[in-house]
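Report on one structure; see the data block that follows.
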Amino acid sequence: MIVIAPDKFKGTMDATDAAMAIALGLREAGVRDAIQLCPMADGGDGTAELLADRLPPDCAVVESHACIGPQCFGNAAPMLRSSYAFGRAIALALRTHSHVLAAIGGTACCDGGAGMLQALGLKAYDADGRLIDTPLTPRLLPLVARTELPSVGLGARITALSDVHASLVPSSGVALSALDFAPQKGFTADELPLLRSAMLHWSRIVAPGRSSAIDGAGGGIGHALATVLGADTRSGAQYMLDIYARDLASASLIITGEGRIDRQTGAGKVVAAVAELAARRGIPVLAVAGSVEGIPPFPVLAVDTPGTPPPSSRPEAMERLRAAVCNYFKGKNLQPKP
């Protein structure tokens, strides 16, 4: 059985669309193996939709992308954006559910999770002892002189699903930090030193000397959940792989994919997680991407050649993916397997 387990192709297709396009390409290439679609997510956009029908009644999933993704801030400058809305969504979910999966990824803010913590009950004070009652942003972080944390035990009711392993600020021995993702959120090169200083100050105030492997996820939301609140953490990609465990165990080939394979892929993203699982089990794997940077440690198929303009619509993206997969597998004479 061929298992198709792609992430979204960001900006063009969701994971279900990508899986369907790959399946169509296989069939048009003459592949007759049984096919199982297992659309994936890593904690970023699409996670809540894929998990909605797979959770117990007392558990809810709240997706950061839906609350504080790029579509949520309009023309607000990145230094003025807060994760407060994500905290409000978690707080509302905790009113009716005993546990919340906080899916981190696809955010457009980078405030160290400070705004989110405010919405969950953290109080922040300036040097004169005045309560800062507006949502914290990167620009306001240097004003915080003291904090009072939310109620004890809150972290035990939250599990963070992270899309990446990263430190809050650049750190020796850690490949990525929240600052590596900041340009994608609109921060300029001139703002990065200010952001680094603000994040360092914030971490020293709210959690001195402490850190976690996901501190830089979601613009620092990982730091707020894991390091400050002590929430349990799971790789979002691994969480999804566990859900599909039975299908994956029967796979003769796994096809995964995402919009772009680059150095961020190996830091906890879906494609790397799938490839690692396949390697452990001795299952052949192919990763399909719109574009590929560098030489990944697993077989890849780039849909577009360098310099090709990105697809302008979802149908065009699906058609390009279908055609690339069809051309790749045509004539390979895979033997049908149950």
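The values are calculated or read from the model by the stated rules, or taken from the named source; none is laboratory data. Everything numeric in this text was worked out from a predicted model, so none of it was measured. Note that we place each Cβ from the backbone using ideal geometry, even for glycine, and neighbour counts take in every protein chain shown. Ligands, DNA and RNA are excluded from the accessible area calculation, which covers all protein heavy atoms including side chains. Shrake-Rupley method; radii C 1.70, N 1.55, O 1.52, S 1.80 Å.
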So, for the chain, what is the accessible surface per residue at a probe of 1.4 Å, expressed in square angstrom? 43 Å²
Starting from the 7 Å offset along Cα-to-Cβ, what nm value, one decimal, do you get for the label separation of Ser197 and Arg146? 2.5 nm
Testing the spin-label approximation: label points 7 Å from Cα along Cα→Cβ at Arg130 and Glu49. State their distance in nm. 4.5 nm
Only sites in a loop by DSSP and with at most 16 other Cβ atoms within 10 Å count here; which trypsin sites (Lys or Arg not before Pro) in segment 1-39 make the cut? Lys10, Arg32
Taking the Cα centre of the chain as the origin, how large is its charge dipole in debye, to the nearest 20, when only Lys and Arg (+1) and Asp and Glu (-1) carry charge on their Cβ atoms? 380 debye
Can you compute the charge dipole magnitude of segment 1-68 about its Cα centre, using +1 on each Lys and Arg Cβ and -1 on each Asp and Glu Cβ, nothing else charged? Give it in debye, rounded to the nearest 20. 260 debye
Distance in nm between pseudo-label sites at Glu316 and Asn75 (7 Å out along the Cβ direction from Cα): 2.7 nm
What figure, in Å² to the nearest 10, do you get for the accessible area of His97 with a 1.4 Å probe and non-protein molecules left out? 50 Å²
For Lys123 and Asp262, what is the calculated FRET efficiency with R₀ set at 41 Å and r taken between the beta-carbons, to the nearest 0.05? 0.55
222 nm mean residue ellipticity, helices alone, for the chain (DSSP H n ≥ 4; -39,500 (n - 2.57); rounded to 500): -8500 deg cm²/dmol
Within segment 267-311, list the residues whose amide N lies under 14 Å from a label point set 7 Å along Cα→Cβ of Asn327. 289-291, 301-309
Quick check on packing: order 306-315, 41-50, 130-139, 255-264 by the mean number of other C-beta atoms within 10 Å, highest mean leading. 41-50, 255-264, 130-139, 306-315
Which percent, nearest 5, of DSSP beta bridges in the chain are antiparallel? 15 percent
Stretched out fully, how many nm does the piece from Thr305 to Lys10 gain, at 0.36 nm a residue minus the Cα gap? 104.4 nm
Relative contact order of the chain (C-alpha contacts under 8 Å, at least 6 apart) in percent is 24 percent
